[in-house]
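> Have a look at this one.
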Amino acid sequence: MNESAEWKGHFELFNTFSSKLANESHQLKLQLEKEKKVLRRLSGVVSEQNTAHENLKSRLNETERAHETAVAELEKVSIIQQEIEMQRDAMLHEISSILPATSDVLSSVCGHCVP
C-alpha cells in the first residue's frame, strides 16, 4: 500500500501541477488576445498617421510650389513696374523738353490772335 499511496501522491501532485499549467496557459492566451487587439488598434493608428503625414507632405509641396510661383510673379511685377517708371520718367522728360517750345509757339500764335 505504501507504493499505491506514493503513486497517488505523485498523481495528485501532477494533477495540481497540470491544473496550474492549464490555468497559466489560459491566462497567457487571454493576454495574447488582448495584445493582439492592442496591436491591431495601434497598427491602425500608425497607418492613419502615415496617411496624414503623406497628406501633409503633399500639401506642403503644393504650398511651396505656389509660394515659388508667387515669388516669381512678384519679381516679374517688380520688373514691369520698374520699366513703367522708366518709361514715365522718359515721357515726362520728353514732355518737359517739348513744353517750353510749345508754349513759345502758342504765345506767338496766340499773340497774333489777340486784338
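Any read-out appearing in this document is the output of simple, stated calculations on the displayed coordinates, not a laboratory observation. Keep in mind the model is a prediction, meaning the values are calculated, not measured. Virtual Cβ from ideal backbone geometry, glycine too; neighbours counted across all protein chains shown.
> If R0 is 30 Å, what FRET efficiency do you get for Ser25 and Ala5 from their C-beta distance, rounded to 0.05?
The calculated FRET efficiency here is 0.50.
> Another question about this same structure. Per DSSP helix of 4 or more residues, -39500 (n - 2.57); summed, then divided by the residues of the chain. What does that give at 222 nm, rounded to the nearest 500?
Theoretical 222 nm ellipticity from helices: -37500 deg cm²/dmol.
> Output wanted: per-residue J couplings in Hz (rounded whole) for the stretch 54-67, from phi through Karplus 6.51 cos²θ - 1.76 cosθ + 1.60, θ = phi - 60°, x for Gly and Pro.
5, 4, 5, 4, 5, 5, 5, 4, 4, 5, 5, 5, 4, 5
> Assuming 0.36 nm per residue, please report the length gained on full extension of the stretch Leu99 to Leu13 beyond their Cα-Cα distance.
Residue separation times 0.36 nm, minus the Cα-Cα distance, leaves 18.5 nm.
> Contour minus end-to-end for Leu56 and Leu42, with contour as 0.36 nm per residue of separation and end-to-end as the Cα-Cα distance?
3.0 nm
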